[in-house]
């Protein structure tokens, strides 16, 4: 009987350890690193980055001053940071939104964001990746590489003259829609931009800019 109880306690302890990865991780200072194949709940920190190794799974991922990165085939429900870039490696997936204020957004081949992807300052790049809820920026350059696909359109918002995001207003965002890229929905520009569209791209209506067509892999530098 004692042996049976001991085995039962041991089994419960092992089961608890197996589900510990589903718990939330909340830090005040410092980075969070989720090992390959592990599963967690919400990941939250201040003044630190968050990294998910290959195949790791998390729910909401948030930091204030730090970058966020998902390795190959890692999954999360949403990603949000204030000062820091966000990188999704090949076949990484986000079920909802991806947001940063000051930082780049980069999606590698096969990466997918089902919701909206947005920033204020920082370049945005998709390499044969997919965004299902549209892209929004204020001051960022946007490059949709070959095979990139965006539903929900593209919006470049006008800087707010009454807030700190006024920084960089003189910069004209450079928007490149590369060969084989597809943008479904309206491309709307509420400030001056330089818009290059490949003669092999497919785009929706354009509001607020005049597309400059180009052939080959990329438009002229500059």
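The values are calculated or read from the model by the stated rules, or taken from the named source; none is laboratory data. Just so it is clear, the structure is predicted and the values come from calculations on it, not from any experiment. Cβ sites come from the backbone with ideal geometry, for glycine too, and all protein chains shown count toward neighbours.
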Fill in the blank from the handout: Per the list (1) more than 14 Å from the chain's Cα centre (by Cα); (2) not in a strand (DSSP E or B), residue check on residue 64 breaks on (2)
Exercise for the section: Tell me which residues, restricted to region 195-221, are over 26 Å from the mean Cα position of the chain (by Cα) and within 21 Å of residue 172 (Cα to Cα). Expected result: 210, 212, 213, 214, 220
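Select the strands (runs of 3 or more DSSP E) contained entirely in region 75-191, then report the ones holding at least 1 residues which are under 20 Å from residue 43 (Cα atoms). Before you say what the answer is, go through the steps one by one.
Numbers: elements: 78-83, 86-88, 98-102, 105-107, 124-126, 135-137, 142-144, 149-151, 154-156, 174-177, 182-184, 187-189.
So the answer is 78-83, 86-88, 98-102, 105-107.
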Problem - Checklist (1) under 20 Å from residue 142 (Cα atoms); (2) crowded, with 18+ Cβ neighbours inside 10 Å; (3) touching a strand residue (DSSP E or B) at 6+ places or on another chain (Cβ under 6 Å) applied to residue 40, failing item - result: (1)
Fill in the blank from the handout: Filtering region 154-171 for residues that are at pLDDT 95 or above and either more than 22 Å from residue 116 (Cβ to Cβ) or surrounded by 18 or more Cβ atoms within 10 Å (Cβ to Cβ) (or both) leaves a count of 3
